[in-house]
1. Can you run down the residue pairs with Cβ atoms below 7 Å, 6 or more apart or on separate chains, where the first is in the stretch 106-130 and at positive phi and touching a residue at least 24 places away in the same chain (Cβ under 8 Å) and the partner is buried (at least 17 other Cβ atoms within 10 Å of the Cβ) and assigned to a loop (DSSP other than H, G, I, E, B)?
């Protein structure tokens, strides 16, 4: 009995010694990070900024529309048809009457005429009647009291009388020009003009045209 108690005691002593030699385990210390309330706003701001940057990078490029300049349309001018009539001229052979040979104070000689008689002209067409005349009388055609004017026939003229631009002495030559317009109706028309000075009327100048 005593021997058995000694064995138990010896076992207990051995267990105590083993426990005394075992290393002491210190409790593990867990470090908990300190929470900063401003860090949430910083993270949100950084996240929003990153999202904005990513959105800008992923967004399709903005197309800038360039409007072409507006050109003012210049109205196109419509060309006006111009009718040119080549009117035949009647020319008298240059055999001049000797001035004063007839004994008349006022006398003329027609050298040429445009247009010649019976020229065909379109209705309402404008033309010039021309006579080249030589003074073969004894007296001058004084520009102060001489003129040439319409006397009879169809009134195709625009102005019925014209003054002389200068005095024409015996042997002098002068061209009479009268702007006229052909009648509207077809037919044959004659107009007659004369030189007048004081009470004298002389140098009958007639033109006959055919209107179609």
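The values are calculated or read from the model by the stated rules, or taken from the named source; none is laboratory data. Since we're looking at a predicted model, the values are computed, not measured. Ideal geometry is used to build each Cβ from the backbone, glycine not excepted, and the neighbour counts take in all protein chains shown.
1. So the pair list comes out as 124/182.
For every residue, the table says whether it meets (1) modelled with pLDDT under 95; (2) surrounded by 15 or more Cβ atoms within 10 Å (Cβ to Cβ); (3) touching a helix residue (DSSP H, G or I) at 6+ places or on another chain (Cβ under 6 Å).
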position: 104; (1), (2), (3): yes, no, no
position: 116; (1), (2), (3): no, yes, no
position: 122; (1), (2), (3): no, no, no
position: 133; (1), (2), (3): no, yes, no
position: 151; (1), (2), (3): no, yes, no
position: 180; (1), (2), (3): no, yes, no
position: 190; (1), (2), (3): no, no, no
position: 195; (1), (2), (3): no, yes, no
position: 199; (1), (2), (3): yes, no, no
